[in-house]
Amino acid sequence: MNRHENKAVRILIVDDHPVVQAGLASMLATHKDIEVIGSASSGEEALTMAQQDTPDIILLDLRMPGMSGIDTLRALKEAQTTARTIILTSFETDENIYRAIQAGAQGYLLKDTSQDQMLEAIATVHAGKRYIPRPIAARLAERMLRSDLTARELEILEMLAKGLTNKQIGHALAISENTVRNHVNSIMEKLEVSDRTEAVAVAIQQGIIQVAS
Amino acid sequence: MKRRPQIWKWLAISLLSFAVVAGASLLFLIYLHSPKHGLPYHDSFAQGKADEWEAFGGTWAVYDGGMRNDSDERGAKLMSGSPYWKNYLLEADVMLLGEDGDAGLIIRASDEEQGVDSYSGYYAGLRSRDNMLTLGRASHGWLEYQNVPMPESVQAFRWYHLRLLAYGCQIVASATFPLSGGHTTTAAMADKDCLSSGRIGLRSYSAGGIWRNVHARLATEDDLLAMLGNKTRQPFSSEEAAGNGITIFGSGSLPSHVNQQARPATNVQPISGLRLVSGSQPTAITIRGVVSLTAPLYVQDSTGGIAVKAASSPPLKVGDEVQATGTVRSGAFHSNLENATVQLLWARTPVQPVSVTASQAATGAFAAMFIEVEGHLLSKERDAQNTLVLNLEDGQQSFRALVHGGRGDLLFNKLKLGSLLRLRGVCVVDSEYTNNLTPFVLLLRSTDDIEVVTGPPWWNTRHVVAAGFALLLLLFIGQFIHSRIEQWRLRAILEEREMLAHEMHDTLAQSFAGLGFQLQAIRNRMPEDMPAVHKQLDLACDLVRHSHEEARRDIMMLRSESFEQMELTRMLEQCARKMLDGGPVEIEVSQAGDIRPIPLRVNDTLFRIGQEALANAVRHATPTRISIATAYAKNFVQMVIEDDGTGYDAGSEKKGFGVRGMKRRAAAISAALEIATSPNKGTRVQVTAPLPARMAFRWKTHPKGSGSHEQA
């Protein structure tokens, strides 16, 4: 980190929206310790620029035509670029956060984040740490905990914990009993248990679901 | 969301299946019209079955493995086969039942009607009157082509083997009498303007007959040559026929010849007079009349009819003129001629029935006479001797009809209870037949004496039940289609929403983000000594961020995944947790009633109102506890968001904007919105939305992986 200490942080902006590109560049350019070395509007472009211009930090949008943010992340990792990546997106679905962190992102920011928070994030990640805002971190942890259960499976798991039968669950969710059974099987498989009672027990134990009092 | 192509897939599948069905039907039609379909053919007379035959006159019925017509009717026909048969050979054993007339086979027939020569086709038959094998063509008139004498006289009650072949325009007939060494007599014609195809048939003229081993198969030229042998054949056409001096006359125009042995007696009594004969003094009486029924024997003259119990009798056919001598025995309403000697005088045509009503017949005035009666069929049965017993009713008058099983099950099965039948038969009042159950019994000559006038009335139990089922099925299908359409519509809406969400994300949200950054950049560059501008820029930044947040919320709202996977209560809870950012506020969630899918619009609106209420609570009320409660009832769903925060003065206009939005949304789904608040007493927002009544059961199940978004 020493070699960067007195220098400005070199930043590459990757976003397919010109308004965002321009705005972000303007805003960051007002800070002396930040140098925006360029803007890429696609994953492919970002890959080339990351290898040529060796940025310290890449601000990466997730939703782009062609290569998505996640794809770009993976490609960057494969190309063994030194740059650290912060996801800067409009969305915060559990799945997106989870996949981005899995793919090697060091930070996750929403586009409506305040300037101060953004600067803090850049500084933190540049210092070699991760920066994930508290609520997002909480959800990420939750997502990690829940292994690979889908939202639907989670919902069914909660109903199982309440003691509903497949038929009642099917009725409540307006799906067939068969579909419910498939979901239950999938839940048991993912939690590595042999029956539904055990599934509920394990789920409560691991904090995947909370028992309503 | 790739569901639209599924519709095309469905369409393609239905089009394809339609094409397959159409193609198959076409092939089937071609198959039916093929000149080979149904060949070779062999009768099933031995099994007592002949449902494929159709009678035109006569008394056709299967007896002892043979098809029998014991009527003197001229030109009685029994037809079968396909009108598309072309080149084929028809063979049968034929026996004549009378000395006067002919019997044989028909090929290439069409336009059959009841009557002497009422058909188009070729006929070959054995004629006992002049011992000929006769061959000719009928076109509703008789064109006789060739008469070839048989080596021995043609006699009744002997089996002859007849063959009749059509190949191209060549027609060949041959007859063999196997018992006399099998000499084959052949007649042939080459018809220039021939009939090219048609059905097969059995026909007798006056003689009656029995046919067995009826067999038809495709014919080749070899068959033709084999049958012709070295016989030469001459061209024939109807125009030339007259000019060439060939006899052309109706096959019925020859006079019948009188049986020389049986001389008409002179002391013949009218049959009606026998009723007056006293039973105490049996005297020999002679009558004369026409046979109206052979078994049992009934004879009728112009005055009346009588049952004849013959001591000795030659074989008789319906229509034979006979003379019978015996003793009269009178019963209650009838008399029989018993111990009679019957002599055959000559063949005549069968008598025509007298048309009467059942109550007229019940008086006994028509006893032993051949009558025609109409009646509604009450019940039908078949006894061990293959006799059909029909119970009928005409008005208040009930009667029975008995008939030999006929030519198979078809007619018996076809007779529907309640239908109106017209029956021809001999009216019998003898208690031997009536068992004193009905005033009279009708003895029919054959099943062809049954004619269905009108079918049973439509409104019987079975039809009503069937119609009920059909209606139910229609309803079911209608409901199914309705729900499918509803599902499609919903999917289309969800797809549209998702597209809208993406569109908003790509334009609106990104623009807000960019604008926000740009404003921040301007603020950063603004010199520190302009606090007023700074303040304004900060406000602008806040506004943009707020708008961005709103847009983000809208987008989340529109994305169908969030709907498919979440129930309202859970969605609100998540929303609240997100807003609180893990803060110290306690969230209480409760739910009552059965969770069930509610219409998308209602769900949507409740969520937006709930969101607004939660946002108000979190931003302005600084509560320590927020409770979210939903209740599902039979025809409404209720949502209550309550906080213990600062509340506000309900009268003030300060919160007006948000509340107005909630009211507007609630009104759009006819929901009742109640907001209870006062300073420092917290706020309670309650929405009650009406729901369509819950259905008793659901038809559809979900396609795997799609959500719970359709309406109950």
Inset, instruction - Take chain A, connect every pair of alpha-carbon atoms lying under 10 Å apart with a spring to form a Gaussian network, then pick out the residue of A:Ala105, A:Ala201, A:Ala83 with the largest mean-square fluctuation. - result: A:Ala201
Legend entry - Extension gain (nm, one decimal) between B:Arg625 and B:His463, 0.36 nm per residue minus Cα-Cα: 51.6 nm
Legend entry - Table column - 3J(HN,Hα) (Hz), the range A:48-64, Karplus curve with 6.51, -1.76, 1.60, x for Gly and Pro: 4, 5, 5, 7, 6, 9, 6, x, 7, 10, 10, 8, 10, 7, 7, 9, 9
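Give me the one-decimal Kirkwood hydrodynamic radius in Å for the range B:458-564, with the sum taken over alpha-carbon pairs.
Working: mean 1/r = 0.0537 Å⁻¹.
This gives a value of 18.6 Å.
Decide, for the protein assembly as shown, between rounded, prolate and oblate: order the square roots of the alpha carbon gyration tensor eigenvalues as a ≥ b ≥ c, take rounded if a/c falls under 1.5, and otherwise choose prolate if a/b is larger than b/c, else oblate. Before the final figure, lay out each step's value.
Values: a/c = 5.03, a/b = 2.86, b/c = 1.76.
It is prolate, given that a/c is not under 1.5 and a/b is the larger ratio.
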Legend entry - Two-decimal Rg to Rh for the range B:354-454 - Kirkwood Rh, Cα set: 0.92
Legend entry - Centroid-to-centroid separation of the range B:595-648 and the range B:86-138 [C-alpha atoms, Å]: 96
Inset, instruction - Considering Cα pairs under 8 angstrom that are at least six residues apart, work out the relative contact order of the range B:354-454 and quote it in whole percent. - result: 30
Inset, instruction - Name the residues whose placed amide hydrogens come within less than 5 Å of the amide hydrogen of B:Ala103, ignoring near sequence neighbours (fewer than 5 apart) on the same chain. - result: B:Leu126, B:Tyr205
Inset, instruction - Positive end of the charge dipole of the protein assembly as shown (Lys, Arg +1 and Asp, Glu -1 on Cβ, about the Cα centre): tell me which of A:Gly43, A:Thr54, B:Phe517 has its Cα farthest that way. - result: B:Phe517
Legend entry - Table column - 3J(HN,Hα) (Hz), the range A:31-47, Karplus curve with 6.51, -1.76, 1.60, x for Gly and Pro: 9, 5, 8, 10, 10, 7, 8, x, 10, 10, 10, 8, x, 4, 4, 4, 4
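At most 12 other Cβ atoms within 10 Å and a DSSP loop assignment: could you name the trypsin sites (Lys or Arg not before Pro) in the range B:202-232 that fit? Could the numbers behind the result be given before it?
Working: sites: B:Arg203, B:Arg212, B:Arg217, B:Lys231; in loops: B:Lys231.
Sparse-neighbourhood loop trypsin sites (Lys or Arg not before Pro): B:Lys231.
For the protein assembly as shown, what does -39500 (n - 2.57) per DSSP helix run (n ≥ 4), summed and divided by total residues, give at 222 nm, in deg cm²/dmol to the nearest 500? Don't skip to the answer; put the middle values down first.
Values: 23 runs with 304 residues, N = 925.
Result for the protein assembly as shown, helices only: -10500 deg cm²/dmol.
Can you tell me the dipole magnitude for the protein assembly as shown around its Cα centre, using point charges on the Cβ only (Lys, Arg +1; Asp, Glu -1), in Debye to the nearest 20? All intermediate terms of the calculation are to be shown ahead of the outcome.
Numbers: 94 positive and 101 negative charges, 192 e Å.
Around 920 debye, computed over the protein assembly as shown.
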Inset, instruction - Could you pull out the longest piece of chain A with no exposed loop GluC sites (Glu not before Pro) in it, calling a site exposed if DSSP puts it outside H, G, I, E, B and it has at most 14 other Cβ atoms within 10 Å? - result: A:6-191
Legend entry - the range A:1-70-the range A:153-198 distance, computed between alpha-carbon centres (Å): 45
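Any chance you could list the semi-axes, whole Å, largest first, of the equivalent ellipsoid that the Cα gyration tensor gives for the range B:1-96, using √(5λ)? Please report the intermediate quantities before stating the final value.
Details: eigenvalues 487, 43, 28 Å².
They are 49, 15, 12 Å, listed from largest to smallest.
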Inset, instruction - Return one number: the angle in degrees, 0 to 90 and rounded to the nearest 10, between the long axis of the Cα atoms of helix A:151-161 and the longest principal axis of the Cα atoms of chain A. - result: 40
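Determine the relative contact order of chain B: mean sequence separation of Cα pairs under 8 Å and six or more apart, normalised by residue count, in whole percent. Mind showing how you got there, number by number?
Values: 1507 pairs, mean separation 59.2, N = 712.
Averaging sequence separation for qualifying contacts and normalising by length gives 8 percent for chain B.
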Legend entry - Scattering curve values for the range A:150-213, log₁₀ I(q)/I(0), Debye with Cα scatterers, q = 0.13 Å⁻¹: -0.29
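Kyte-Doolittle mean at least -1.0 and Cα extent at least 15 Å along the axis: which DSSP H helices of chain B qualify?
Details: long enough: B:4-32 (42 Å, 1.44); B:461-504 (63 Å, 0.41); B:510-525 (23 Å, -0.21); B:531-558 (40 Å, -0.38); B:568-580 (18 Å, -0.08); B:600-616 (24 Å, -0.06); B:656-668 (18 Å, -0.33).
Within chain B the helices that satisfy the rule are B:4-32, B:461-504, B:510-525, B:531-558, B:568-580, B:600-616, B:656-668.
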Inset, instruction - Please state, rounded to one decimal and in Å, the Kirkwood hydrodynamic radius that the range B:271-347 gives when every pair of distinct Cα atoms enters the mean of 1/r. - result: 12.1
Inset, instruction - Summarise the partner chain shielding of B:585-595 as one whole number: the mean count of Cβ atoms from other chains within 10 Å of each residue's Cβ. - result: 1
Inset, instruction - Take chain A, connect every pair of alpha-carbon atoms lying under 10 Å apart with a spring to form a Gaussian network, then pick out the residue of A:Leu59, A:Leu119, A:Leu76 with the largest mean-square fluctuation. - result: A:Leu119
Inset, instruction - Please work out the Kirkwood hydrodynamic radius for the range A:91-205, using every pair of different C-alpha atoms, and report it in angstroms with one decimal place. - result: 16.3
Inset, instruction - Taking amide H positions as placed in the peptide plane 1.01 Å from N, state which residues far from A:Val36 in sequence (5 or more) or on other chains have amide H under 5 Å from it. - result: A:Ile11
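Kindly identify the range B:41-243 as rounded, prolate or oblate by the Cα gyration tensor criterion: order the square roots of the eigenvalues as a ≥ b ≥ c, call it rounded if a/c is under 1.5, otherwise compare a/b with b/c, prolate if a/b is larger, else oblate. It would help to have the intermediate numbers written out before the result.
Values: a/c = 1.33, a/b = 1.21, b/c = 1.11.
Note, shape of the range B:41-243 comes out rounded.
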Inset, instruction - Using θ = phi - 60° and the Karplus relation 6.51 cos²θ - 1.76 cosθ + 1.60, list the HN-Hα couplings for the range B:303-308 in order, rounded to whole Hz, with x at every Gly or Pro. - result: 9, x, x, 8, 7, 10
Legend entry - Alpha-carbon centroid distance for the pair the range B:358-416 / the range B:14-72, whole angstrom: 28
Inset, instruction - In vacuum, with every alpha carbon of the range A:44-103 counted as one equal point scatterer, what does the Debye formula give for log10 I(q)/I(0) at q = 0.15, 0.24, 0.29 Å⁻¹? Two decimals, please. - result: -0.40, -1.00, -1.37
Legend entry - Where Rh is the Kirkwood radius over Cα pairs, Rg/Rh for chain B: 1.38
Legend entry - Loop-resident sites, the range B:564-620, for trypsin sites (Lys or Arg not before Pro), counting at most 12 other Cβ within 10 Å (DSSP): none
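Evaluate chain A: find the radius of gyration of its Cα atoms, find its Kirkwood radius, and give the ratio Rg to Rh. Walk me through the intermediate numbers first.
Values: Rg = 21.5 Å, Rh = 19.3 Å.
With Rg and the Kirkwood Rh in hand, the quotient comes to 1.11.
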Inset, instruction - Would you mind checking B:Lys86/B:Lys416; A:Lys111/B:Lys578; A:Lys111/B:Lys681; B:Lys49/B:Lys317; A:Lys32/A:Lys111; A:Lys111/A:Lys190 for any pair whose Cα atoms are more than 26 angstrom apart? - result: B:Lys86/B:Lys416; A:Lys111/B:Lys681; A:Lys111/A:Lys190
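Defining a contact as two alpha carbons under 8 Å apart and six or more residues distant in sequence, what relative contact order in percent does the range B:271-347 show?
Values: 183 pairs, mean separation 25.4, N = 77.
Answer for the range B:271-347 is 33 percent.
Computed from the coordinates by the stated procedures, all read-outs in this text should not be read as laboratory data. Just so it is clear, the structure is predicted and the values come from calculations on it, not from any experiment. When we count neighbours, we look across all protein chains shown, and the Cβ atoms used for this are built from the backbone with ideal geometry, even at glycine.
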